[in-house]
Amino acid sequence: AFAGARAQNQEQVKPELVTAFAVTEQGDTLCSYVAEKTDSASFARLQNLVNTATKSQTGREVLKSISEQGTLLTIGDAGMNTIGYFMPGENMIRLNDGFNDATLQSCLVHEGKHSVQNFSLGRALDATNSFYTNTLISRVMEADAVATQTKFSYEMAQRGDSAAWKSLQEEHKGITDTFEACAKK
């Protein structure tokens with residue numbers, strides 16, 4: 001109760017929501033997106049992550065989709081050991097500013113894929129489904145998001161930017177080794 005009373009006395013500062021633009025290497029605008037602007041350094045970092053994602057076909061596809069869906073992008077504290085997450089109820093992707101850009105880069109695409117899935121399902125994953133159905137759908141959705149993240153990171157490495165691929169290899173070596181072997185075939 002005391003913590004609640006103290007929180008009521010503190011002013012809640014709402015971050016500014018802005019329309020930003022994903023810009024390709026050639027300087028062309030790929031799409032617009034909604035971003036939370038808490039401070040200029042964090043906002044610049046988020047813009048860099050988005051713009052770097054335009055270097056990959058997979059990244060461009062995901063960015064266009066989240067743009068069309070009005071998904072909010074934000075960067076800041078996302079919790080201990082959480083790289084990022086998608087919140088369906090708020091239609092928001094939050095990236096944890098405590099991780100390096102390479103890790104956040106592939107996480108942006110991964111969570112972006114969850115946003116795409118959410119809209120494709122018409123937000124059908126809810127408490128009215130059975131435990132089995134929710135578990136099955138969640139596993140399929142996670143596998144799809146990891147596949148998209150892997151494809152994105154591999155495309156970036158093929159373009160000479162292997163940072164996201166190396167970061168993904170550290171966490172999912174079995175997946176990246178299998179993907180790379182299949183790509184070589």
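The values are calculated or read from the model by the stated rules, or taken from the named source; none is laboratory data. Only a predicted model underlies this, so the values are computations on that prediction, with no experimental measurement involved. Methodologically, a virtual Cβ is constructed for each residue, glycine included, from the backbone with ideal geometry; neighbour enumeration extends over all protein chains shown. Accessible surface areas use protein heavy atoms only, side chains included; no ligands, DNA or RNA. Shrake-Rupley method; radii C 1.70, N 1.55, O 1.52, S 1.80 Å.
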Can you confirm whether residue 96 is on the phi > 0 side of the Ramachandran plot and either hydrophobic (A, V, I, L, M, F, W, C) or surrounded by 15 or more Cβ atoms within 10 Å (Cβ to Cβ) (or both)? no
Write out, first by first residue and then by second, each pair whose Cβ atoms fall under 6 Å of each other, whose residues are 6+ apart or on separate chains, and whose first residue, in the range 128-150, is more than 17 Å from residue 172 (Cα to Cα) while the second is surrounded by 12 or more Cβ atoms within 10 Å (Cβ to Cβ) and modelled with pLDDT under 90. 137/125
Residue 75 - would you say it is touching a Lys or Arg at 6+ places or on another chain (Cβ under 8 Å), open to solvent by less than 60 Å² (accessible area, probe 1.4 Å) and in a strand (DSSP E or B)? yes
Checking 166, 184 in turn, the sole residue that is over 21 Å from the mean Cα position of the chain (by Cα), of a type outside the set (Ser, Thr, Tyr) and open to solvent by 50 Å² or more (accessible area, probe 1.4 Å) turns out to be 184
Residues being of a type outside the set (A, V, I, L, M), part of a helix (DSSP H, G or I) and in contact with a helix residue (DSSP H, G or I) (Cβ under 6 Å, 6 or more places away or on another chain): count how many of those fall in the range 86-110. 4
Flag for residue 140 being open to solvent by 60 Å² or more (accessible area, probe 1.4 Å), part of a helix (DSSP H, G or I) and under 19 Å from residue 112 (Cα atoms): yes
Give me the residue from the range 20-42 that is charged (D, E, K, R) and in a loop (DSSP other than H, G, I, E, B) and, out of that set, least open to solvent (accessible area, probe 1.4 Å). 39
Test result for residue 45, touching a residue at least 40 places away in the same chain (Cβ under 8 Å), open to solvent by 40 Å² or more (accessible area, probe 1.4 Å) and under 16 Å from residue 17 (Cα atoms): yes
In the set 172, 114, which member is at pLDDT 90 or above, farther than 25 Å from residue 22 by Cβ and surrounded by 16 or more Cβ atoms within 10 Å (Cβ to Cβ)? 172
